[in-house]
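Engineer: What follows is a single structure, and I will ask about it in a moment.
The values are calculated or read from the model by the stated rules, or taken from the named source; none is laboratory data. Please read these numbers as outputs of a predicted model, since none were measured by experiment. In this analysis, Cβ positions are derived from the backbone assuming ideal geometry, glycine residues included, and neighbour counts consider all displayed protein chains.
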Ligand SMILES: C[S@@+](CC[C@H](N)C(=O)[O-])C[C@H]1O[C@@H](n2cnc3c(N)ncnc32)[C@H](O)[C@@H]1O
């Protein structure tokens, strides 16, 4: 499905249903006066509007990438996102443009003119939509490890299991202790009992640690039998837990040399758009952060580079562009890419 819309994304995104998009990959105006569309009053508030729409249309655990290269404004944006949205910062990635501007690099107009480094890169910020819990609900290790706090329900389930095991397997708990301490003591004794049986059951009950791990089927079933977990009121079957685990994990299909400095093998002639992004990098982002058949949205589509990358990787695409000339270029590029794919 390819859905191209001409007009202001602040208006047109309203027609995109809630929780219907898997990945937003977009390249907004940087507000550096590069073109007529690149001077925006109240820039951060304006970005806030489309970012809130991205939040609404993305599925839980969906991923948002946006390009930028004005560090002051993008830093403000990152703080705004932290304070005003359900997005959790994932990574700041660098597009290394290689010998871009090589000529001016070698021949600055005058030796004494240079007072900073030539900027030969752009940045791509990545956020993941979290699953409704606030950062305060998770301890530091969980925040660091789960990134979008998406596994906290599962961690809590295994905490309850440890408490259940602890309550059944110890008699030495101080009855005068308050409930919270009491529960914690059960948890500690439960963990001890689990580890005593075998180290292979240990990690699922390390609930507040970055070493927490979802158990495999065999270990979970053994644990169930060993400690009669079916007597636990909230007991859940393995498939039920696995289903939640798979749904909660955001997509991140790790590829080769998976670091955050990206190089492109494509030459950018800049003819179709002065801010055109390289198709190989876009394809890579799409493959890492979505699955075949998923839906990707670019609300500042320009010449349609994200759309072309979606065709090449078998994703659905929703593209929005305000400028008629760019819209027409995008439409043609995407149609050509579709034709080329059909002919393959
Ligand atoms: C940085 S460029 C995107 C270039 C694109 N990545 C490419 O490879 O061609 C930003 C685009 O956003 C468009 N734009 C600016 N404001 C917009 C708005 N409110 N709604 C939709 N598009 C807008 C501009 O016309 C411009 O083409």
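Engineer: Only one of these conditions is not met by residue 311: (1) within 13 Å of the ligand (Cβ to nearest atom); (2) touching a helix residue (DSSP H, G or I) at 6+ places or on another chain (Cβ under 9 Å). Which number is it?
Structural biologist: Only one criterion is unmet by residue 311, namely (1).
Engineer: Kindly indicate whether residue 306 is within 9 Å of the ligand (Cβ to nearest atom) and either surrounded by fewer than 14 Cβ atoms within 10 Å (Cβ to Cβ) or at pLDDT 90 or above (or both).
Structural biologist: Here the answer is yes, as residue 306 does meet what is asked.
Engineer: Would you confirm, using the coordinates I've provided, whether residue 327 is within 10 Å of the ligand (Cβ to nearest atom) and assigned by TED's automatic domain parsing to the domain that holds residue 93?
Structural biologist: Yes, satisfied.
Engineer: Just the residues that are touching a helix residue (DSSP H, G or I) at 6+ places or on another chain (Cβ under 6 Å), under 22 Å from residue 58 (Cα atoms) and either away from the ligand (no atom under 13 Å from the Cβ) or in a loop (DSSP other than H, G, I, E, B) (or both), please, taken from segment 253-282.
Structural biologist: 253
Engineer: Only one of (1) part of a loop (DSSP other than H, G, I, E, B); (2) modelled with pLDDT of 95 or more; (3) buried (at least 20 other Cβ atoms within 10 Å of the Cβ) fails for residue 250. Which number is that?
Structural biologist: Single failed check for residue 250: (2).
Engineer: If residue 34 satisfies all but one of (1) over 23 Å from residue 294 (Cα atoms); (2) more than 10 Å from the ligand (Cβ to nearest atom); (3) part of a loop (DSSP other than H, G, I, E, B), what's the number of the condition it fails?
Structural biologist: The single condition residue 34 does not satisfy is (2).
Engineer: Among the residues of segment 18-27, is there at least one that is more than 16 Å from the chain's Cα centre (by Cα), in the same structural domain as residue 274 (by TED's automatic domain parsing) and either loosely packed, with under 15 Cβ neighbours inside 10 Å or without any contact (Cβ under 8 Å) to a residue 40 or more places away in the chain (or both)?
Structural biologist: The answer is yes; a qualifying residue exists.
Engineer: Let me ask something else about it. Any chance you could count how many residues in segment 314-328 are surrounded by fewer than 19 Cβ atoms within 10 Å (Cβ to Cβ) and either in contact with a strand residue (DSSP E or B) (Cβ under 6 Å, 6 or more places away or on another chain) or free of Cβ contacts under 8 Å to residues at least 60 places away in the same chain (or both)?
Structural biologist: 4
Engineer: Can you tell which of 43, 65 is closer than 30 Å to residue 247 by Cβ, within 13 Å of the ligand (Cβ to nearest atom) and crowded, with 17+ Cβ neighbours inside 10 Å?
Structural biologist: Numbers: 43 fails: closer than 30 Å to residue 247 by Cβ.
That would be 65, the only listed residue that is closer than 30 Å to residue 247 by Cβ, within 13 Å of the ligand (Cβ to nearest atom) and crowded, with 17+ Cβ neighbours inside 10 Å.
Engineer: Only one residue in 297, 223, 229 is away from the ligand (no atom under 16 Å from the Cβ) and buried (at least 19 other Cβ atoms within 10 Å of the Cβ), so which one is that?
Structural biologist: Working: 297 fails: away from the ligand (no atom under 16 Å from the Cβ); 229 fails: buried (at least 19 other Cβ atoms within 10 Å of the Cβ).
Result: 223 is the single residue among 297, 223, 229 that is away from the ligand (no atom under 16 Å from the Cβ) and buried (at least 19 other Cβ atoms within 10 Å of the Cβ).
Engineer: When you go through (1) under 20 Å from residue 126 (Cα atoms); (2) more than 10 Å from the ligand (Cβ to nearest atom); (3) part of a helix (DSSP H, G or I); (4) touching a strand residue (DSSP E or B) at 6+ places or on another chain (Cβ under 9 Å) one by one for residue 334, which number turns out not to apply?
Structural biologist: (1)
Engineer: A further question on this structure: Please go through segment 185-201 and give me each residue that is surrounded by fewer than 16 Cβ atoms within 10 Å (Cβ to Cβ) and either within 18 Å of residue 155 (Cβ to Cβ) or modelled with pLDDT of 90 or more (or both), ordered by number.
Structural biologist: 188, 195
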